[in-house]
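A short write-up of the structure that comes next.
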Amino acid sequence: MKRNDPASGTADDSGPAGADADYVVVDELGAFTYYPSETAMLEDLEYVDEAASILDRAGNNFHLTLEEGGKLSLGSSFGQVEFTWLRQAWISDRRREPQAHRLLRLYPTTLDALLAGIFETLALERASTATSSLWVLNAAGAETHAATLRDVDTLLARLDHLERVTVRDPFGHGYRPIRHPKHRLHSPGAGPIYYVEIEPGIPPGRSVLR
């Protein structure tokens, strides 16, 4: 896998799924990568065993195959992905690289919810252009719109305190932003921001980090 930088606007870069079928690849090391199309995925992958699992939005599980001439292609589905395995692999990947996965959704309890969450969060984390729906920031009652998660980061970096801020993503999920300072001597606005999903019916100030 060529490991394209999401900020570069390459194959990994997309917002919520467009017209083409999109996929999520779990590689041999357990890392998750979103691809907006089969073409983008096959251009990025380099050998058959690189993908331990390839998933579509319905949870169908695929492997790569090798065509004549050494060209990679997507094989037929060999069944549906197993919920427990996928959920644990997803949790492990996000714990291994926390700063790469700063959208912290509530833990799903069904396969459909898990698949939707994986596709949505990976697409949002990698998007560098606006989609049909925008992010919404609410700071002390004042709303601001942003095109991408990076734009949200930029807006929040200007604020010293985030206690009265909530964020809604293009899929309608609400979050409480929490800044993790890199060092106690850094300025209040320094450090990565994590977005903790607000459980429905729970006031933002009482949401729990998952």
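Just to be sure, is THR109 more than 13 Å from the chain's Cα centre (by Cα), touching a residue at least 60 places away in the same chain (Cβ under 8 Å) and closer than 22 Å to ASP56 by Cα? Write out each step before concluding.
Working: more than 13 Å from the chain's Cα centre (by Cα): yes; touching a residue at least 60 places away in the same chain (Cβ under 8 Å): no; closer than 22 Å to ASP56 by Cα: yes.
Here the answer is no, as THR109 does not meet what is asked.
If you go through region 58-75, how many residues are exposed (fewer than 10 other Cβ atoms within 10 Å of the Cβ) and either of a type in the set (Lys, Arg) or under 22 Å from the mean Cα position of the chain (by Cα) (or both)? Walk me through it before giving the result.
Here is the first cut: in region 58-75, the ones exposed (fewer than 10 other Cβ atoms within 10 Å of the Cβ) are 67-71.
Pick out the ones that are also either of a type in the set (Lys, Arg) or under 22 Å from the mean Cα position of the chain (by Cα) (or both) and you get 71.
Going through region 58-75 one residue at a time, the tally reaches 1.
Go through region 113-126 and give me each residue that's over 9 Å from the mean Cα position of the chain (by Cα) and farther than 18 Å from ILE54 by Cβ.
Of the residues in region 113-126, the ones over 9 Å from the mean Cα position of the chain (by Cα) are 113-116.
Passing the criteria: only ALA113.
Which condition does PHE119 not pass, out of (1) at pLDDT below 90; (2) touching an Asp or Glu at 6+ places or on another chain (Cβ under 8 Å), if it passes all the others?
Just one mismatch for PHE119, condition (1).
Matching residues to (1) closer than 27 Å to ARG150 by Cα; (2) outside the structural domain of VAL196 (by TED's automatic domain parsing); (3) surrounded by 17 or more Cβ atoms within 10 Å (Cβ to Cβ):
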| site | (1), (2), (3) |
| --- | --- |
| TYR47 | no, yes, no |
| ALA52 | no, yes, no |
| SER77 | no, yes, no |
| ARG96 | yes, yes, no |
| ALA113 | yes, yes, no |
| ILE118 | yes, yes, yes |
| ALA130 | yes, yes, no |
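Just the residues that are at pLDDT 95 or above and either part of a helix (DSSP H, G or I) or acidic (Asp, Glu) (or both), please, taken from region 94-116.
LEU111, ASP112, ALA113, LEU114, LEU115, ALA116
Within region 15-29, is even one residue surrounded by 15 or more Cβ atoms within 10 Å (Cβ to Cβ), at pLDDT 95 or above and small (Gly, Ala, Ser)?
No, there is no match, as no residue in region 15-29 is surrounded by 15 or more Cβ atoms within 10 Å (Cβ to Cβ), at pLDDT 95 or above and small (Gly, Ala, Ser).
The values are calculated or read from the model by the stated rules, or taken from the named source; none is laboratory data. Every value quoted in this text rests on a predicted model; they were computed, and no experiment measured them. FYI the Cβ positions are ideal-geometry reconstructions off the backbone, even for glycines, and counts take in every protein chain you see.
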